[in-house]
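As structure tokens, the structure follows; a few thoughts come after it.
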Amino acid sequence: QVQLVESGGGLVQAGGSLRLSCVASGRIFGRFNMAWFRQVPGKAREFVAADSRGDTYYADSAKGRFAVSRDNTKRTVYLQMVSLKPEDTAVYYCATSSFPCLVTIATMRSIDYWGQGTQVTVSS
């Protein structure tokens, strides 16, 4: 069993920055493929970014503004977000997958575990 706990969400003005964290418990973290998704009420959950032990993959909306990284010693994956826009407002979820393909992970078809989510609100 793996537990994922996100933190770091909050209210920020447009153009600001936030860093989300996700701490994982359970199996050997270094083997995890980690991903971030987000969801707005009434809309489908969408892919943001993923990391597979150093290889990264981003949604077009995240490229150039968001960066995913990890610290295996702290069992933590991060999502650094800069130049935030009101349309980035959503609940952000951390997820883990044992599937080795980041493109497949982005489709959510191979997610093993989800975190509870952290709210990010960007005001205009």
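Would you check if there is a residue in segment 5-16 being closer than 25 Å to Val103 by Cβ and small (Gly, Ala, Ser)?
no
Is one or more of the residues making up segment 73-92 surrounded by 15 or more Cβ atoms within 10 Å (Cβ to Cβ), free of Cβ contacts under 8 Å to residues at least 40 places away in the same chain and hydrophobic (A, V, I, L, M, F, W, C)?
No, there is no match, as no residue in segment 73-92 is surrounded by 15 or more Cβ atoms within 10 Å (Cβ to Cβ), free of Cβ contacts under 8 Å to residues at least 40 places away in the same chain and hydrophobic (A, V, I, L, M, F, W, C).
Residues Ser98, Ser61, Ser69, Ser52: which one is open to solvent by 70 Å² or more (accessible area, probe 1.4 Å) and of a type in the set (Gly, Ala, Ser)? Walk me through it before giving the result.
Values: Ser61 fails: open to solvent by 70 Å² or more (accessible area, probe 1.4 Å); Ser69 fails: open to solvent by 70 Å² or more (accessible area, probe 1.4 Å); Ser52 fails: open to solvent by 70 Å² or more (accessible area, probe 1.4 Å).
The unique qualifying residue is Ser98.
In segment 1-40, what residues are within 19 Å of Asp71 (Cβ to Cβ), among the hydrophobic types (A, V, I, L, M, F, W, C) and open to solvent by 40 Å² or more (accessible area, probe 1.4 Å)?
Those that are within 19 Å of Asp71 (Cβ to Cβ), among the hydrophobic types (A, V, I, L, M, F, W, C) and open to solvent by 40 Å² or more (accessible area, probe 1.4 Å): Val5, Val23, Ile28.
The values are calculated or read from the model by the stated rules, or taken from the named source; none is laboratory data. Just so we're clear, the structure is a prediction, and the values are computed from it rather than from any experiment. Virtual Cβ from ideal backbone geometry, glycine too; neighbours counted across all protein chains shown. SASA here: full protein model, heavy atoms, side chains in, ligands and nucleic acids out. Shrake-Rupley method; radii C 1.70, N 1.55, O 1.52, S 1.80 Å.
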